[in-house]
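Here's the structure, in structure tokens; my notes come after.
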Amino acid sequence: MKHRQHTAFALAATAALAAGLAAAPGIAEEGYGTGQAQAAPPADVPGAKLDQFVVALEEVHAIGSKATEELEQSGDMEEARLIQERAQGEMIEAVKDAGLTVEEYNRIAQLMNSDPTIQERVNKRIEDRS
């Protein structure tokens with residue numbers, strides 16, 4: 001059961017960051033989608049990068065949860081837009097503060113969804129931090 005929670009947690013945080021990148025196309029375009037992710041073997045992610053990913057993932061999740069609560073309380077569309085923009089910026093900063101680029105974060109998140117080995121390695125790190 002805990003494994004499913006971690007996977008759902010990772011997917012939700014990934015979706016939140018992806019939404020943030022939609023609002024920041026300049027950041028999303030820097031090297032992303034250029035085939036770099038396909039060039040590297042899927043399971044070839046160093047443990048240090050996975051550690052950084054988990055730190056970023058937890059922060060992104062916390063920011064997303066806070067923003068969701070604020071959005072539920074928001075009174076109008078403009079306020080909601082401002083909440084979303086602030087949260088997206090905070091998510092990007094959290095990824096950078098963890099030592100990753102947005103592209104690295106997204107690549108690992110994508111691998112988590114397609115490579116069971118990466119998913120298991122990330123989930124183990126999440127459990128170890130709990």
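The values are calculated or read from the model by the stated rules, or taken from the named source; none is laboratory data. Note that this is a predicted model, so its numbers are computed, not measured. In this analysis, Cβ positions are derived from the backbone assuming ideal geometry, glycine residues included, and neighbour counts consider all displayed protein chains.
Structural remarks
- Output for region 58-89, where each listed residue is touching a helix residue (DSSP H, G or I) at 6+ places or on another chain (Cβ under 6 Å) and either surrounded by 18 or more Cβ atoms within 10 Å (Cβ to Cβ) or free of Cβ contacts under 8 Å to residues at least 12 places away in the same chain (or both): Glu59, Val60, His61, Ile63, Gly64, Ala67, Ser74, Ala80, Ile83, Ala87, Gln88
- Checking Arg129, Arg107 one by one, the residue that is among the basic types (Lys, Arg), buried (at least 19 other Cβ atoms within 10 Å of the Cβ) and either farther than 19 Å from Gly64 by Cα or touching a Pro at 6+ places or on another chain (Cβ under 9 Å) (or both) is Arg107 and no other.
- Taken over region 40-49, the criterion of being more than 15 Å from the chain's Cα centre (by Cα), part of a helix (DSSP H, G or I) and not hydrophobic (A, V, I, L, M, F, W, C) is satisfied by Gly47 alone.
One line per residue, one yes/no per condition, for (1) at pLDDT 95 or above; (2) in contact with an Asp or Glu (Cβ under 9 Å, 6 or more places away or on another chain); (3) at negative phi; (4) of a type in the set (Gly, Ala, Ser):
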residue: Gly26; (1), (2), (3), (4): no, no, yes, yes
residue: Glu30; (1), (2), (3), (4): no, yes, yes, no
residue: Gln36; (1), (2), (3), (4): no, yes, yes, no
residue: Ala39; (1), (2), (3), (4): no, no, yes, yes
residue: Gln52; (1), (2), (3), (4): yes, yes, yes, no
residue: Ala62; (1), (2), (3), (4): yes, no, yes, yes
residue: Leu82; (1), (2), (3), (4): yes, no, yes, no
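- Flag if Ala94 is surrounded by fewer than 20 Cβ atoms within 10 Å (Cβ to Cβ) and either touching a strand residue (DSSP E or B) at 6+ places or on another chain (Cβ under 9 Å) or among the hydrophobic types (A, V, I, L, M, F, W, C) (or both): no
- Subset of region 47-63 [farther than 9 Å from Arg125 by Cβ and of a type in the set (Gly, Ala, Ser)]: Ala48, Ala56, Ala62
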